[in-house]
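Student: Structure incoming, see below.
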Amino acid sequence: MPELPEVEVVRRGLERWVAHRTVADVEVLHPRAVRRHTAGPDDFAHRLTGHRIGTPSRRGKYLWLPLEDTDQSVLAHLGMSGQLLVQPYSAPDEKHLRVRVRFADIPPAPDPAAEGTELRFVDQRTFGGLSLHDNTPDGLPDVIAHIARDPLDPLFDDDAFHQALRRKRTTVKRALLDQSLISGVGNIYADEALWRTRLHYERPTATLTRPVTTALLGHVRDVMTAALAVGGTSFDSLYVNINGESGYFDRSLDAYGREGLPCKRCGTPMRRRPWMNRSSYFCPKCQRAPRVSS
DNA sequence: CAAGGCTCCTGATAGC
DNA sequence: TGCTATCAGGAGCCTT
């Protein structure tokens, strides 16, 4: 599942292979892939055509491609299974190809290797999508203005995050997944960071001390940075992203998906609990359940 | 208004 | 063999 590190890998790939190219043609093969573009698939395709792509940006799990000489950006979210691929024109269509973007490269292209390739949005489960939006004065697509900065953003405010946690009447994993508090964290990295911090997922955020919040943020950053370093190994390929899952990092996971396997710290069998229509993985010894409040 | 739950979607896999 | 149930889960939207 693409979370912040995977999306950043995609962003870097787009920066290399797609930035500064001019859109010649857009083909929407599945209308659901552009459902957040309320004016519809034809409008989406028409508005992109003829514009040059600027430097791709990212916040949390969202990434966007600015259209030069406009105040608009193409916003992308990969959802569960979305991929942005740079493929040769001649490559056969993927089974779940949803949107194709062709470019008008005039030889010699800035990067000769970029000639003859197109951008493809492929998405099996269609939770992701593309859409076009006006930018805010900050250069952010307006529909994601409510998304918090992510933990790898230098302007992320650790103290404000801690104060927000103290005010909330919720639990720590819910807070980690709340994109209006901290963006880019999904189910996998939430479980990993909680395991590293020895925090149970149902710990009330109002009970967290400043040192614990600091430790938690440190582990979130560490695990994401490590995953990003490993995901980066795929840059040599034409594929902008890796495989739509957690890349090569899955072999480094300490908590997620390890039900019944020994905790890497204490050896106690890891547990899985149904939680919010998904799962939480944790060590019952290292991550003690909070006392039930009255 | 805050918090929590429902729903969208498809394919792999388990169980009978 | 073939059917059904379950699981994967981000985030907009709805209910409480």
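Coordinate-derived values only; no laboratory data. This is a predicted model, so every value here is computed, not measured. Because the Cβ atoms are built from the backbone with ideal geometry, glycine has one as well, and the counts that use them run over all protein chains shown.
Student: Filter the stretch A:117-149 down to residues that are free of Cβ contacts under 8 Å to residues at least 24 places away in the same chain and either of a type outside the set (S, T, N, Q) or within 10 Å of DNA strand C (Cβ to nearest atom) (or both) and give me whichever is farthest from A:Ala104 (Cα to Cα).
Tutor: Filtering the stretch A:117-149 for residues that are free of Cβ contacts under 8 Å to residues at least 24 places away in the same chain and either of a type outside the set (S, T, N, Q) or within 10 Å of DNA strand C (Cβ to nearest atom) (or both), the one farthest from A:Ala104 (Cα to Cα) comes out as A:Ala145.
Student: Mind listing just one residue for me: the one in the stretch A:80-100 that is within 20 Å of the chain's Cα centre (by Cα) and part of a strand (DSSP E or B) and, of those, nearest to DNA strand C (Cβ to nearest atom)?
Tutor: The residue in question is A:Gly82.
Student: Another question, then. State the number of residues belonging to the stretch A:260-277 that are within 16 Å of DNA strand B (Cβ to nearest atom), surrounded by 11 or more Cβ atoms within 10 Å (Cβ to Cβ) and either of a type outside the set (A, V, I, L, M, F, W, C) or not in a strand (DSSP E or B) (or both).
Tutor: Result for the stretch A:260-277: 4.
Student: Across the stretch A:42-72, what is the total count of residues that are in a loop (DSSP other than H, G, I, E, B) and either within 16 Å of DNA strand B (Cβ to nearest atom) or more than 17 Å from A:Arg100 (Cα to Cα) (or both)?
Tutor: 9
Student: For the stretch A:43-79, which positions are of a type in the set (A, V, I, L, M) and within 16 Å of DNA strand C (Cβ to nearest atom)?
Tutor: If the condition is that a residue be of a type in the set (A, V, I, L, M) and within 16 Å of DNA strand C (Cβ to nearest atom), then A:Leu63, A:Val74, A:Leu75, A:Ala76, A:Leu78 are the ones that fit.
Student: Another question about this same structure. Scanning the stretch A:121-153 for residues that are farther than 18 Å from A:Met80 by Cα and within 16 Å of DNA strand B (Cβ to nearest atom), which turns out surrounded by the most Cβ atoms within 10 Å (Cβ to Cβ)?
Tutor: A:Ala148
Student: Would you point out the residue of the stretch A:26-41, among those that are under 21 Å from A:Asp93 (Cα atoms) and either free of Cβ contacts under 8 Å to residues at least 12 places away in the same chain or assigned to a strand (DSSP E or B) (or both), that is nearest to DNA strand B (Cβ to nearest atom)?
Tutor: Top of the filtered list is A:Pro31.
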